[in-house]
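The values are calculated or read from the model by the stated rules, or taken from the named source; none is laboratory data. Keep in mind that what you see is a predicted model, and the values were worked out from it rather than measured. Please note: Cβ atoms are built from the backbone with ideal geometry, for glycine as well, and neighbour counts cover all protein chains shown. The protein model used for the area step is the full one, side chains on, heavy atoms only, and it has no ligands, DNA or RNA in it. Shrake-Rupley method; radii C 1.70, N 1.55, O 1.52, S 1.80 Å.
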Amino acid sequence: MNAVTPLTGACMCGAVSVTVKTPGEQLHACHCDQCRNWTGSMLLSVSAPVDQVDLTGPVKTFRSSDWAERGWCDRCGTSLFYRTTDPEQAYYGLATGLFPNAGDLPLKLEYFIDNKPDGYAFSGDHQRMTKAETLAKFAPDEGDTQ
């Protein structure tokens, strides 16, 4: 899989369909309290610029922080995405479970690594950002919010 291979997928019930015209070439994992609360573990996602993603169906969103919102299928509840709201950094983190074979992409980045529970760990040599590093990247003026 590469950056020019589109991804297509759907929620659990099929009511929401997702097409990513040019997805990133890697997976990201987020261990923040909100992602863990929302998904039951961590959010494992593939990134894509907002203008490269088409979503159709009953999508609901929740503004979960000053810089992001989360989306889910209003019919079956499937977690769909984390989306930044800053136009300068506008991107989706789309749940990998939406796409067949998205797991073929390599994991290259973990956010909030210092929030990760001790019960699991991803192997491999990839970037791991602490809570402070993640907040500095996405919300440098926001302090200690997720």
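Structure data summary
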| item | result |
| --- | --- |
| Residues of the range 7-23 satisfying the condition of being open to solvent by 50 Å² or more (accessible area, probe 1.4 Å), touching a Ser or Thr at 6+ places or on another chain (Cβ under 7 Å) and part of a loop (DSSP other than H, G, I, E, B) | MET12 |
| Conditions (1) open to solvent by 90 Å² or more (accessible area, probe 1.4 Å); (2) modelled with pLDDT of 95 or more; number of the one not met by ASP141 | (2) |
| Subset tally (residues that are open to solvent by 20 Å² or more (accessible area, probe 1.4 Å) and either in a strand (DSSP E or B) or not β-branched (Val, Ile, Thr) (or both)) for the range 31-42 | 8 |
| Among (1) modelled with pLDDT of 95 or more; (2) closer than 21 Å to GLU133 by Cβ; (3) open to solvent by 50 Å² or more (accessible area, probe 1.4 Å), the one test that GLN26 misses | (1) |
| Within the range 85-112, tally of residues that are β-branched (Val, Ile, Thr) and modelled with pLDDT under 90 | 1 |
